[in-house]
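Peer 1: The structure is given below, and queries will be raised subsequently.
Only the coordinates and a few stated rules stand behind these numbers; no lab work does. From a predicted model like this one, the values you see are computed outputs, not experimental measurements. Neighbour counts run over all protein chains shown; Cβ positions are idealised from the backbone, glycine included.
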Amino acid sequence: MKINYILGRASTGKSHELMSRIASDIGDESVEKVILLVPEQYTLHAEYELINKMKLSGLIKAEVLSFKRLAYRLISNSSQNHIDEIGKYMLLNKVIDSKSQELKVFKEGGKKGVLSEILSLLNHFKQNNIYSDDIATRLDALEESLFKSKLEDLSLIYESFSKEMEGVYVDDRDILNIAIEEISKSSFLDGARIYIDGFNSFSGQEYSMISEILKKVPALTVALAGSKRGRDYDLFAPVEGTLAFLKKIELESGAESDTIWLEKVVEKAPELEHIERELYSYPYSAWNKDVENIRIMTGLNRNSEIENIAREIRSLARDYGMRWRDMLVVSSNMNIYQSILKRVFAEYEIPYFLDETRDITGHGLIRYVTSTLSAIVKNFRYDEVFKALKTGFGCLDSEEVELLENYVLEFGIKSERWFKAFEKPVENIERIELIRRKYIESVENLRESIYRKTSIEEINRAIFSHLIGVGAKGKVDALIEEQKENGRLDMANESAQIWNILVDVLEQMNSILGSKKSTAKNYLQNLEAGLMNYELGIIPPSLDQVMIGNLERSRSRDIKAIFVIGVNDGILPSIISDSGVLSEDERLGVVELGLDIKLDSEKKMQDEKFLIYSCLTKPKEKLYMTYALSDNEGKALRPSTLVDRMKNVFPKLEVESELDRGGKEEMEIVSTPVSTVKHLVNELRKFVDGAEISENWLEIYSWYRDSEEYSEMAGQILESLFYSNQQDYLEHGRAREIYPLPLKTSISRIENFIKCPFSHFVNYGLSPSERRKCEVRTPDIGNLFHQSIESYSKVLEEKKLDWKDVSDEVSENIVDSIIEGMAEQFQNGIFTTSNRYRYLLKKLKRVSKKAVKIATEHLKSGEFKPLNYEVSFGEHGKVPPIVIELPGGEQIILEGRIDRVDIAEDGDCAYVKVIDYKSGERKFDISDAFYGLQIQLVVYLDAVLQSRQNLVKQELYPAGAFYFKIKDPMVGSESGNSEEIQEAISKELKMSGMIIKDIDVIKLMDREVESSSKSDIVSVKLKKDGDFYKSSSLFDRDEFSEIIGHMHKLIAKMGEEIIKGKVKIEPCKNGDMVSCKYCEFDSICQFDTSNDDNEYRIIRKLDKDGVMEKIRAVKGEK
């Protein structure tokens, strides 16, 4: 027996030398068998390289295997069941549950999400030949501490886990152990020549396997990176450790050995040879010549970083004749770049393969299973039911799902209501009921199995039966065909495995937990946990693709150009995180106990440094290193220290920044038709805005215009450059079709038009309706508050009770009864469906009671009495509408409803105040009223004054118009004094509005106003001389009349504009408030102030004097 070492630095041809020897052995008739051992993910690529590089017609005598595959070849059969990581996860969960009383630290490991970390650690123990006894025998040497408790727990868990596995299950690591014992007995390796390549280190099990193989075969050859002692000797420390261990095996087995050192670097660009020698050398030798084959590039952000490399890849393929497979993209953190790479490479038409293990929980079939089970567990909650149905793997087609979803949302269907006939009077109700039955019948058996708290095996059987019933297997097959037709071969490859994976998971659950009784919730947790730990490997669907991978998975050789992306601080080199069930100090403590687990941070940093060296020395012709200046949120990013190191080694190497390229980049960004469009649009946009444009871009536009495939797009580009989202008025006559005459309108509609004509057009012209949902929204709360106060008023009226005479107890009982009745009728009893809504119902009662109490106190404080409630003015109202004549002879009929009208009689005359209930924070503002943003109170008062004969016999005069707050305010008080608190509450709940400037009338509202110099009812304050403070919202009778007159003119003007068809996008900006803020149609209008014709209508704030001055100025002109 003999062991041969082929050693050398990177790019010295070690693999080529090894493959040459393999080719020679294949041609030697005396050699019976040749086996090449490589890492698992490299087997396919190594096979391809061996055949192509050595120009072999086939591999009749040779095999390319991983250690795991070799182990399976050595074991002819096994009576034990194979268990994968999902099965082990479930078994470990079972073990921790059974030992929870004995565990100190990890008794709830599964619940806290550390189960996978414990499993990873146990795997690592076994891989390095460390067993539970090895841990247990070292515990006495430790003092009581958290570290010792962790190791005690791990020893117990490991021992129990091993006993559960023993004689029943074997995993990949057990297979290796069995194979190690079988090597001496097996004839499979008789006369074989063994070659090992692609490793920097081995696990304890792999060392044991190598030791046994060496005893069995005539020759074993290992290719390893290495360096004779030099300026960067420490770089090779990880491999030196590997070589030392192999030498130990060699010595123990008594084998002969032969070592060759390869020193001549395979031909490559001279700068790249210099990197190999000097990157980590101390002291280093600088390259003082110009640098042609190394580039460091920056992007403004990660998107532009990837666009830069996509253009370079296209350029290398187009201008240098490189094949896609000659180029490699690597990153130390592929999670950051994965989605960007997929999108950009698709735009640039670059075929690629992302070398990654994929999470299967995002696949439609898996989501269907977990969401269906979750729907059952959560009583058929809307989101879980439709999350399952929308995957397309259920029993309903997309149209049926939409019909069912609309009904379920509108009527709040969940829980047992799914099992009762749908009978609400809506369109297509018969069909919707049939769809409900179809769905419920498909999940009924599964639901019953789960709720019987039956065994896991029976639940699994029910799941499989359900999947067969809905035709899930056929739908997977159809999905595979669709993905193939769309060219998504990687996704088709994934889908092709998904059915077997799911079946395998269910079978492992049967084997491990089958007879165990389980609640639905626990079953789902077990299944989801198992599926989350399954990672799917995909074989490249084509050989000629740009390979994309992480540093550690990047095994490609014969690379001409490599792109190292994300060369930012904290990404490359990465920050070694102190994660896992053992901290860094605890891992070092384990090593000090004599258990070399190879998990300490120093080891990881050494390994990463060697990976970086291996990566940067791969390419033969070009090396690109790129980093982003900011992330996609604009946060600044720093370059890696590796960039500084490269600049030190190559003093003339300049970092290429997008900020410095300017016009030089113009033609570089022209690539594929899809990727070039956005740059063309950007240049044309600048041209339209007045900048100069290169002839090149005009020629590029001409190409799109003349192309049969892209001519339509060219037209759209040109149209978009001159696109305006504005249209001032509808076509002649169209407005009359939408708004028939006479124009019947409401106050809120006029206010809506003033805030933005376009919003008014969509709301009242197009009249879209939202999807109906069974929910309580903010406007609903306001309406319910309104209804509660209005209903209270009606009850008092019916019972002929005076507000002032009703006790607090009676008042509260009336409110309770009203709210309970409203809750039963509102949205199919939604207030009883959840704790949130039950709390909301309590709040409704509390605030309504508070509002009634405050309203009662207001009435008790003065002489006003409620005259009428819900006073509607309109064609069928208690009082006539307000009719406004327009210059063209048209009429505006203004209709509305006043919440409450109060009256105070004073001899032959009477004073009136109108009240509008508000649950929000709205306060009366005379400036807003002047501009038409707040005309409600003025119009209400006008409607009452115009119809005085319908209400009272006396002459009627205005006392005021007010917003009454329905609110239970929270106030602060440092002292906690009850009087101070009550005063603060009264201040918060004062009515806001217009008040007649007449102290006698004000005393009718608040008889204490003179004695206290201020009112707790309305916003009035008195000076010592009896005059009013200017802050008081006071108007004399003439001013009331003038404001009402102005309002008529304003409404007439707005009415004219509505009838003419004004639809201009012209939102108001009133201080910090813009009318777009609460607009539901902003996504339709796409208002943007960067467009020339998109501007706010600025509202200039006016005080009362300013308002009256403007009103009188207009009146004077006329």
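Peer 1: If packing is taken as the average count of other Cβ atoms within 10 Å, what order do 411-418, 263-270, 298-305, 841-848 fall into, highest mean first?
Peer 2: Details: 411-418: 16.5, 263-270: 13.6, 298-305: 19.9, 841-848: 18.2.
Descending packing order for the listed peptides: 298-305, 841-848, 411-418, 263-270.
Peer 1: Ok, one more. Report, by chain and number, residues whose modeled amide H sits under 5 Å from the one on Ala628, excluding near sequence neighbours (fewer than 5 apart, same chain).
Peer 2: Placed amide hydrogens put Gly299, Gly566, Val567 under 5 Å from Ala628.
Peer 1: Can you give the % of DSSP beta bridges in the chain that are antiparallel, to the nearest 5?
Peer 2: Working: 34 of 109 bridges.
Expressed as a percentage, antiparallel bridges in the chain total about 30.
Peer 1: Treating the angle as unsigned and between 0 and 90°, give the value, to the nearest 10°, between the Cα long axis of helix 302-319 and the longest Cα principal axis of the chain.
Peer 2: Relative to the chain, helix 302-319 is tipped by roughly 50 degrees.
Peer 1: Would you mind working out the magnitude of the charge dipole of segment 83-166 relative to its Cα centre, with +1 at each Lys and Arg C-beta and -1 at each Asp and Glu C-beta, to the nearest 20 Debye?
Peer 2: 240
Peer 1: Per DSSP helix of 4 or more residues, -39500 (n - 2.57); summed, then divided by the residues of the chain. What does that give at 222 nm, rounded to the nearest 500?
Peer 2: Values: 42 runs with 533 residues, N = 1118.
-15000 deg cm²/dmol, from helical runs alone.
Peer 1: Here's a follow-up. Lys/Arg Cβ at +1, Asp/Glu Cβ at -1, dipole of the chain taken about the Cα centre: which of Asn648, Gly570, Ile118 is farthest positive-ward?
Peer 2: Checked the options; the winner is Ile118.
Peer 1: Towards the positive end of the charge dipole of the chain, with charges on Cβ (+1 Lys, Arg; -1 Asp, Glu), say which of Cys395, Val265, Gly8 has the farthest Cα.
Peer 2: Of the options given, the answer is Cys395.
Peer 1: Okay, next question. Dipole of segment 672-721, Cα-centred, from +1 at each Lys and Arg C-beta and -1 at each Asp and Glu C-beta, to the nearest 20 debye?
Peer 2: 220
Peer 1: If packing is taken as the mean number of other Cβ atoms within 10 Å per residue, what is the order of 1067-1075, 136-144, highest first?
Peer 2: Result, highest mean Cβ count within 10 Å first: 1067-1075, 136-144.
Peer 1: How would segment 360-537 be classified by its alpha-carbon gyration tensor: rounded, prolate or oblate, with rounded meaning a/c under 1.5 and the a/b versus b/c comparison settling the rest?
Peer 2: Judged from the Cα gyration tensor, segment 360-537 comes out oblate (a/c at least 1.5, b/c at or above a/b).
Peer 1: If you place +1 on the Cβ of every Lys and Arg and -1 on the Cβ of every Asp and Glu, how big does the dipole about the Cα centre of the chain come out, in debye to the nearest 20?
Peer 2: Computed about the Cα centre, the dipole is about 1260 debye.
Peer 1: Can you pull out the trypsin sites (Lys or Arg not before Pro) in segment 559-635 that DSSP calls coil and that have at most 11 other Cβ atoms within 10 Å?
Peer 2: Lys635
Peer 1: A further question on this structure: Whole angstrom only: what separates the Cα centroid of segment 870-945 from the Cα centroid of segment 715-791?
Peer 2: Here the answer is 22 Å between Cα centres.
Peer 1: Sticking with this one: What label, among [x] 273; [y] 225; [z] 353, belongs to volume of the Cα convex hull per residue in Å³ computed from the structure on display?
Peer 2: [x]
Peer 1: Additional query: Counting other beta carbons within 10 Å of each Cβ, put His1046, His82 in order, fewest first. Display every interim value, and only then the final one.
Peer 2: Numbers: His1046 22, His82 14.
With the fewest neighbours first, His1046, His82 line up as His82, His1046.
Peer 1: Place +1 on the Cβ of every Lys and Arg and -1 on the Cβ of every Asp and Glu in the chain, take the dipole about the Cα centre, and give the residue among Ile480, Phe761, Phe722 whose Cα lies farthest towards its positive end.
Peer 2: Most positive-ward Cα: Phe761.
Peer 1: At 0.36 nm per residue, minus the direct Cα-Cα distance, what do Val810 and Lys420 gain on full extension? Give it in nm, one decimal, please.
Peer 2: Residue separation times 0.36 nm, minus the Cα-Cα distance, leaves 136.4 nm.
Peer 1: I'd like the distance separating the alpha-carbon centroids of segment 983-1013 and segment 313-386, in whole Å.
Peer 2: Segment 983-1013 and segment 313-386 have Cα centres spaced 67 Å from each other.
Peer 1: Would you mind checking the tilt of helix 601-616 against the longest principal axis of the Cα atoms of the chain, expressed as 0 to 90 degrees and rounded to 10?
Peer 2: That works out to roughly 80 degrees.
Peer 1: What relative contact order, as a whole-number percentage, does segment 414-536 give when Cα pairs under 8 Å and 6 or more residues apart are counted?
Peer 2: Dividing the mean separation by the residue count of segment 414-536 yields 28 percent.
Peer 1: Quick check on segment 83-166: take the gyration tensor over C-alpha atoms, sort the square-rooted eigenvalues as a ≥ b ≥ c, and tell me if it's rounded (a/c under 1.5), prolate or oblate.
Peer 2: The shape class here is oblate.
Peer 1: Checking the table Lys248/Lys622; Lys228/Lys598; Lys794/Lys843; Lys843/Lys990 against a 30 Å threshold on Cα-Cα, which pairs fail?
Peer 2: Beyond 30 Å: Lys248/Lys622.
Peer 1: Right, something else. Label segment 672-721 by shape, choosing from rounded, prolate and oblate, from the square roots a ≥ b ≥ c of the eigenvalues of the Cα gyration tensor; if a/c is under 1.5 it is rounded, and otherwise prolate applies when a/b is larger than b/c, oblate when it is not.
Peer 2: Prolate.
Peer 1: Calculate the length of the line joining the C-alpha centroid of segment 192-221 to that of segment 122-161, in whole Å.
Peer 2: Using only Cα atoms to place each centre, the spacing works out to 29 Å.
Peer 1: Separate question: Helix 172-182 versus the longest principal axis of the chain: what angle, 0 to 90°, nearest 10, using Cα atoms?
Peer 2: 10
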